[in-house]
Amino acid sequence: MNDDQLGAVFAALADPTRRAIAERLCEGEASVTELAEPFDVTLPAILKHLRVLEDAKVLEHRKAGRVRYCRLVAGAFDEAEQWLAYYRRFWTQRLARLH
């Protein structure tokens with residue numbers, strides 16, 4: 001994952017609606033209708049959120065007839081987790097030196 005891709009993942013997850021969608025997809029695949037259900041926004045707004053997540057390669061979709069199903073991409077957060085782990089170790093070491 002390059003810096004642009006890492007930035008896209010963090011930008012996609014910066015929005016609480018998109019984070020909630022990603023959290024729901026941790027439970028498994030869901031239709032767009034199922035994903036939109038808990039939110040008080042229009043379906044086009046949900047589709048825009050899904051597009052941001054898809055552009056960031058966080059989710060992918062498939063169609064079955066007229067129904068569009070979304071699922072998380074396996075390993076989508078691996079690079080972000082590695083980046084966070086590096087800085088977690090860095091700051092833990094720095095703060096330990098203050099003691």
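The values are calculated or read from the model by the stated rules, or taken from the named source; none is laboratory data. Just so we're clear, the structure is a prediction, and the values are computed from it rather than from any experiment. Note that we place each Cβ from the backbone using ideal geometry, even for glycine, and neighbour counts take in every protein chain shown. What goes into the accessible areas is simple: the full protein's heavy atoms, side chains included, and nothing from ligands, DNA or RNA. Shrake-Rupley method; radii C 1.70, N 1.55, O 1.52, S 1.80 Å.
Between Arg68 and Glu37, take the C-beta separation as r, use R0 = 25 Å, and let me know the FRET efficiency to the nearest 0.05. Don't skip to the end; give the middle numbers.
Numbers: r = 14 Å, r/R0 = 0.57.
For Arg68 and Glu37, the calculated efficiency is 0.95.
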- request: Put one equal scatterer on each alpha carbon of the stretch 38-99, apply the Debye formula with no solvent term, and list log10 I(q)/I(0) at q = 0.23 1/Å to two decimals.
  value: -0.98
Debye, to nearest 20: dipole size of the stretch 1-79, +1 on Lys, Arg Cβ, -1 on Asp, Glu Cβ: 400
- request: Choose one of Leu98, Ala12, Val58: the residue whose Cα lies farthest towards the positive end of the charge dipole of the chain (beta-carbon charges +1 Lys, Arg; -1 Asp, Glu; about the Cα centre).
  value: Leu98
query: If you bin every alpha carbon distance in the stretch 1-78 into 5 Å steps from zero, what whole percent lands in each bin?
result: 3, 16, 29, 27, 16, 6, 2, 0
- prompt: Per the 1.4 Å probe, what fraction of the accessible area of the chain, in percent, lies on carbon and sulfur atoms?
  reply: 53
- prompt: Solvent-accessible area per residue for the stretch 1-45 at a 1.4 Å probe radius, Å²?
  reply: 61
